[in-house]
Amino acid sequence: SRRRKGKYNHPEEGTPMPKTKRPRWIRASQDRSVLRIMLARPPLNILSIAMLKEIEEALESARKSRGLRAIVFSAEGRAFSAGTDIDEHRPPKHRSMLKEFHAVFRTLETINVPILAVVHGPALGGGCELACYADWVFATPDATFGFPEIKLAVFPPAAAAFLTSLVGYRRAAELILTGRILSAEEALVWRLINRIVIPERIDAELEAFLDDLRMLSAPALSAARKALRQSAGKPFEEALQGAEAVYLQDLEKSPD
(Lines give C-alpha, C1' and ligand atoms only; values in the text may rest on other atoms or scores of the structure.)
Protein backbone atom coordinates (compact mmCIF):
# COMPACT_ATOMS: atom_id res chain seq x y z
CA SER A 1 0.00 0.00 0.00
CA ARG A 2 1.02 3.62 -0.43
CA ARG A 3 2.87 5.30 2.43
CA ARG A 4 2.77 9.10 2.25
CA LYS A 5 3.64 11.67 4.85
CA GLY A 6 0.78 14.13 5.17
CA LYS A 7 0.87 17.88 5.67
CA TYR A 8 -0.81 17.62 9.03
CA ASN A 9 1.18 14.83 10.74
CA HIS A 10 1.75 15.41 14.46
CA PRO A 11 4.63 14.10 16.61
CA GLU A 12 2.22 12.22 18.84
CA GLU A 13 1.13 9.95 16.02
CA GLY A 14 2.37 6.39 15.73
CA THR A 15 2.62 5.90 19.48
CA PRO A 16 1.26 2.68 20.96
CA MET A 17 -2.01 2.70 22.88
CA PRO A 18 -1.73 3.04 26.67
CA LYS A 19 -1.30 -0.29 28.41
CA THR A 20 -4.51 -1.54 29.96
CA LYS A 21 -5.89 -4.93 30.86
CA ARG A 22 -5.30 -7.16 27.85
CA PRO A 23 -8.48 -7.54 25.79
CA ARG A 24 -9.82 -11.04 25.37
CA TRP A 25 -12.45 -10.57 22.71
CA ILE A 26 -10.97 -7.87 20.47
CA ARG A 27 -7.59 -6.94 19.03
CA ALA A 28 -6.97 -3.20 19.29
CA SER A 29 -3.99 -1.27 17.99
CA GLN A 30 -3.23 2.31 17.08
CA ASP A 31 -0.55 3.43 14.70
CA ARG A 32 -0.12 6.31 12.26
CA SER A 33 -3.29 8.09 13.43
CA VAL A 34 -5.59 5.09 12.92
CA LEU A 35 -7.27 3.04 15.65
CA ARG A 36 -7.99 -0.50 14.49
CA ILE A 37 -10.46 -2.67 16.38
CA MET A 38 -10.76 -6.27 15.22
CA LEU A 39 -13.59 -8.37 16.62
CA ALA A 40 -11.91 -11.57 17.78
CA ARG A 41 -14.59 -13.94 18.97
CA PRO A 42 -14.82 -16.30 15.99
CA PRO A 43 -16.51 -17.83 14.24
CA LEU A 44 -19.50 -15.45 14.49
CA ASN A 45 -18.18 -12.66 16.72
CA ILE A 46 -21.27 -12.55 18.91
CA LEU A 47 -21.17 -9.27 20.83
CA SER A 48 -21.24 -9.88 24.59
CA ILE A 49 -21.25 -7.36 27.40
CA ALA A 50 -17.59 -8.15 28.11
CA MET A 51 -16.69 -7.68 24.45
CA LEU A 52 -18.53 -4.35 24.26
CA LYS A 53 -16.68 -3.12 27.34
CA GLU A 54 -13.39 -3.94 25.64
CA ILE A 55 -14.44 -1.95 22.56
CA GLU A 56 -15.43 0.98 24.77
CA GLU A 57 -12.08 0.86 26.60
CA ALA A 58 -10.18 0.91 23.30
CA LEU A 59 -12.22 3.89 22.11
CA GLU A 60 -11.70 5.79 25.34
CA SER A 61 -7.94 5.19 25.15
CA ALA A 62 -7.88 6.58 21.62
CA ARG A 63 -9.99 9.61 22.52
CA LYS A 64 -6.93 11.34 24.01
CA SER A 65 -4.81 10.83 20.89
CA ARG A 66 -3.97 14.01 19.07
CA GLY A 67 -4.12 13.61 15.31
CA LEU A 68 -6.48 10.62 15.27
CA ARG A 69 -7.97 10.45 11.78
CA ALA A 70 -9.89 7.20 11.58
CA ILE A 71 -11.29 4.21 13.44
CA VAL A 72 -11.47 0.90 11.56
CA PHE A 73 -13.65 -2.03 12.60
CA SER A 74 -12.96 -5.47 11.14
CA ALA A 75 -13.34 -9.07 12.27
CA GLU A 76 -11.80 -12.52 12.42
CA GLY A 77 -13.73 -15.68 11.61
CA ARG A 78 -16.41 -16.27 9.02
CA ALA A 79 -18.65 -13.34 9.99
CA PHE A 80 -18.23 -9.69 10.79
CA SER A 81 -20.73 -10.22 13.61
CA ALA A 82 -23.94 -12.23 13.79
CA GLY A 83 -25.28 -9.90 16.48
CA THR A 84 -25.40 -9.47 20.23
CA ASP A 85 -25.62 -12.28 22.76
CA ILE A 86 -29.28 -13.33 22.97
CA ASP A 87 -28.92 -14.68 26.50
CA GLU A 88 -27.71 -11.28 27.67
CA HIS A 89 -30.84 -9.64 26.26
CA ARG A 90 -32.89 -11.46 28.90
CA PRO A 91 -33.36 -10.27 32.50
CA PRO A 92 -31.40 -9.60 34.60
CA LYS A 93 -28.69 -8.67 32.06
CA HIS A 94 -30.79 -6.93 29.41
CA ARG A 95 -30.39 -3.40 30.80
CA SER A 96 -26.63 -3.83 31.10
CA MET A 97 -26.47 -5.13 27.53
CA LEU A 98 -28.31 -2.11 26.12
CA LYS A 99 -26.24 0.26 28.25
CA GLU A 100 -22.91 -1.17 27.10
CA PHE A 101 -23.95 -1.55 23.46
CA HIS A 102 -25.28 1.99 23.18
CA ALA A 103 -22.25 3.36 25.06
CA VAL A 104 -20.14 2.31 22.07
CA PHE A 105 -22.26 4.41 19.70
CA ARG A 106 -22.34 7.37 22.07
CA THR A 107 -18.55 7.30 22.31
CA LEU A 108 -18.12 7.01 18.56
CA GLU A 109 -20.42 10.00 18.14
CA THR A 110 -18.37 12.17 20.49
CA ILE A 111 -14.92 11.12 19.25
CA ASN A 112 -15.89 12.55 15.86
CA VAL A 113 -13.42 10.96 13.49
CA PRO A 114 -14.27 9.04 10.32
CA ILE A 115 -15.32 5.47 11.08
CA LEU A 116 -14.66 2.65 8.62
CA ALA A 117 -15.94 -0.90 8.68
CA VAL A 118 -14.56 -3.84 6.70
CA VAL A 119 -17.30 -6.44 6.48
CA HIS A 120 -17.19 -10.05 5.34
CA GLY A 121 -19.86 -12.68 5.84
CA PRO A 122 -22.95 -11.91 7.96
CA ALA A 123 -23.38 -8.55 9.66
CA LEU A 124 -26.65 -9.08 11.49
CA GLY A 125 -28.52 -7.41 14.30
CA GLY A 126 -26.07 -5.57 16.54
CA GLY A 127 -23.29 -6.45 14.10
CA CYS A 128 -25.19 -4.72 11.32
CA GLU A 129 -25.81 -1.70 13.55
CA LEU A 130 -22.10 -1.42 14.29
CA ALA A 131 -21.09 -1.81 10.64
CA CYS A 132 -23.71 0.49 9.16
CA TYR A 133 -23.08 3.23 11.69
CA ALA A 134 -19.67 3.66 10.05
CA ASP A 135 -19.13 6.52 7.64
CA TRP A 136 -17.53 4.24 5.06
CA VAL A 137 -18.21 0.52 4.66
CA PHE A 138 -16.09 -1.84 2.57
CA ALA A 139 -17.81 -5.19 2.01
CA THR A 140 -16.74 -8.40 0.35
CA PRO A 141 -19.16 -10.04 -2.11
CA ASP A 142 -20.22 -12.64 0.48
CA ALA A 143 -21.31 -10.02 3.04
CA THR A 144 -24.94 -9.90 4.16
CA PHE A 145 -26.76 -7.25 6.18
CA GLY A 146 -29.96 -7.25 8.19
CA PHE A 147 -31.83 -6.79 11.44
CA PRO A 148 -33.59 -10.07 12.27
CA GLU A 149 -34.49 -8.97 15.83
CA ILE A 150 -38.18 -8.64 15.01
CA LYS A 151 -38.31 -12.43 14.56
CA LEU A 152 -37.32 -12.74 18.23
CA ALA A 153 -40.02 -10.22 19.23
CA VAL A 154 -37.57 -7.35 19.81
CA PHE A 155 -36.16 -4.53 17.67
CA PRO A 156 -32.75 -2.81 17.20
CA PRO A 157 -32.84 0.55 19.06
CA ALA A 158 -29.64 1.98 17.56
CA ALA A 159 -30.79 1.19 14.03
CA ALA A 160 -34.18 2.72 14.81
CA ALA A 161 -32.34 5.89 15.79
CA PHE A 162 -30.05 6.32 12.77
CA LEU A 163 -31.21 4.10 9.91
CA THR A 164 -33.95 6.42 8.61
CA SER A 165 -31.45 9.22 7.96
CA LEU A 166 -29.23 6.71 6.16
CA VAL A 167 -31.64 4.93 3.82
CA GLY A 168 -34.97 6.76 4.25
CA TYR A 169 -38.04 5.83 6.25
CA ARG A 170 -39.58 3.22 3.94
CA ARG A 171 -36.43 1.17 3.50
CA ALA A 172 -35.58 1.44 7.19
CA ALA A 173 -39.10 0.26 8.01
CA GLU A 174 -38.78 -2.69 5.65
CA LEU A 175 -35.50 -3.78 7.20
CA ILE A 176 -36.52 -3.35 10.85
CA LEU A 177 -40.15 -4.48 10.62
CA THR A 178 -39.59 -7.56 8.45
CA GLY A 179 -36.07 -8.71 9.36
CA ARG A 180 -35.15 -8.88 5.68
CA ILE A 181 -31.53 -9.82 4.93
CA LEU A 182 -29.73 -7.99 2.12
CA SER A 183 -26.90 -9.26 -0.04
CA ALA A 184 -23.86 -7.04 -0.53
CA GLU A 185 -25.17 -5.97 -3.93
CA GLU A 186 -28.55 -5.02 -2.44
CA ALA A 187 -26.88 -3.20 0.46
CA LEU A 188 -24.90 -1.14 -2.05
CA VAL A 189 -28.08 -0.15 -3.90
CA TRP A 190 -29.80 0.67 -0.60
CA ARG A 191 -26.81 2.85 0.45
CA LEU A 192 -26.00 0.79 3.50
CA ILE A 193 -22.43 0.35 2.24
CA ASN A 194 -20.02 2.32 0.07
CA ARG A 195 -18.10 -0.27 -1.90
CA ILE A 196 -17.87 -3.98 -2.67
CA VAL A 197 -14.29 -5.24 -2.92
CA ILE A 198 -13.00 -8.74 -3.58
CA PRO A 199 -11.14 -10.22 -0.58
CA GLU A 200 -7.79 -10.17 -2.39
CA ARG A 201 -8.02 -6.39 -2.83
CA ILE A 202 -9.71 -5.23 0.34
CA ASP A 203 -6.57 -4.61 2.41
CA ALA A 204 -4.99 -2.56 -0.36
CA GLU A 205 -8.20 -0.55 -0.89
CA LEU A 206 -8.48 0.13 2.82
CA GLU A 207 -4.87 1.26 3.17
CA ALA A 208 -5.11 3.52 0.14
CA PHE A 209 -8.21 5.13 1.65
CA LEU A 210 -6.49 5.57 5.02
CA ASP A 211 -3.43 7.09 3.34
CA ASP A 212 -5.71 9.71 1.79
CA LEU A 213 -7.16 10.51 5.24
CA ARG A 214 -3.65 10.81 6.71
CA MET A 215 -2.95 13.64 4.26
CA LEU A 216 -5.77 15.72 5.76
CA SER A 217 -6.13 17.87 8.85
CA ALA A 218 -7.40 15.85 11.82
CA PRO A 219 -9.35 18.82 13.31
CA ALA A 220 -10.96 19.51 9.95
CA LEU A 221 -12.01 15.87 9.56
CA SER A 222 -13.44 15.90 13.08
CA ALA A 223 -15.38 19.13 12.53
CA ALA A 224 -16.69 18.03 9.14
CA ARG A 225 -17.93 14.70 10.52
CA LYS A 226 -19.56 16.42 13.48
CA ALA A 227 -21.38 18.83 11.17
CA LEU A 228 -22.54 15.99 8.92
CA ARG A 229 -23.78 13.84 11.80
CA GLN A 230 -25.68 16.53 13.63
CA SER A 231 -27.29 17.81 10.43
CA ALA A 232 -28.75 14.47 9.34
CA GLY A 233 -32.52 14.62 8.97
CA LYS A 234 -32.87 18.24 10.09
CA PRO A 235 -34.51 21.06 8.10
CA PHE A 236 -32.01 23.03 6.02
CA GLU A 237 -31.93 26.20 8.11
CA GLU A 238 -31.49 24.31 11.37
CA ALA A 239 -28.81 22.11 9.81
CA LEU A 240 -27.00 25.13 8.35
CA GLN A 241 -26.97 26.93 11.69
CA GLY A 242 -25.53 23.84 13.35
CA ALA A 243 -22.82 23.42 10.70
CA GLU A 244 -21.95 27.09 10.95
CA ALA A 245 -21.58 26.78 14.72
CA VAL A 246 -19.22 23.82 14.34
CA TYR A 247 -17.18 25.78 11.80
CA LEU A 248 -16.85 28.86 14.00
CA GLN A 249 -16.63 27.24 17.44
CA ASP A 250 -14.67 24.05 16.73
CA LEU A 251 -12.76 24.35 13.48
CA GLU A 252 -11.46 27.91 13.84
CA LYS A 253 -9.79 27.05 17.16
CA SER A 254 -7.49 24.67 15.31
CA PRO A 255 -3.96 25.84 14.35
CA ASP A 256 -4.39 23.89 11.10
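The values are calculated or read from the model by the stated rules, or taken from the named source; none is laboratory data. Quantities reported herein were computed from a predicted structural model and do not represent experimental measurements. Note that each Cβ is placed from the backbone with ideal geometry, even for glycine, and that neighbours are counted across all protein chains shown. Calculation scope for accessible area: heavy atoms of the full protein, side chains included, ligands and nucleic acids excluded. Shrake-Rupley method; radii C 1.70, N 1.55, O 1.52, S 1.80 Å.
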Right, residue 7: within 25 Å of residue 225 (Cα to Cα), open to solvent by 80 Å² or more (accessible area, probe 1.4 Å), out of contact with any Phe, Trp or Tyr (no Cβ under 7 Å at 6 or more places or on another chain) and at pLDDT below 95 or not?
yes
Looking at this structure, is residue 139 in contact with a helix residue (DSSP H, G or I) (Cβ under 6 Å, 6 or more places away or on another chain), open to solvent by less than 20 Å² (accessible area, probe 1.4 Å) and among the aliphatic types (A, V, I, L, M)?
yes
Which residues, taken from the stretch 47-70, are farther than 29 Å from residue 218 by Cβ and either among the basic types (Lys, Arg) or touching a Ser or Thr at 6+ places or on another chain (Cβ under 7 Å) (or both)?
49
Cβ-Cβ below 7 Å, separation at least six or inter-chain, first residue in the stretch 82-110 and in contact (Cβ under 8 Å) with a residue 24 or more places away in the chain, second surrounded by 13 or more Cβ atoms within 10 Å (Cβ to Cβ) and of a type in the set (Ser, Thr, Tyr): which pairs?
85/48; 88/48; 97/84; 101/84; 105/133; 108/133
Would the stretch 220-232 turn up any residue that is within 19 Å of the chain's Cα centre (by Cα), exposed (fewer than 13 other Cβ atoms within 10 Å of the Cβ) and not charged (D, E, K, R)?
yes
In the stretch 75-93, the residues that are of a type in the set (A, V, I, L, M) and crowded, with 16+ Cβ neighbours inside 10 Å
75, 79, 82
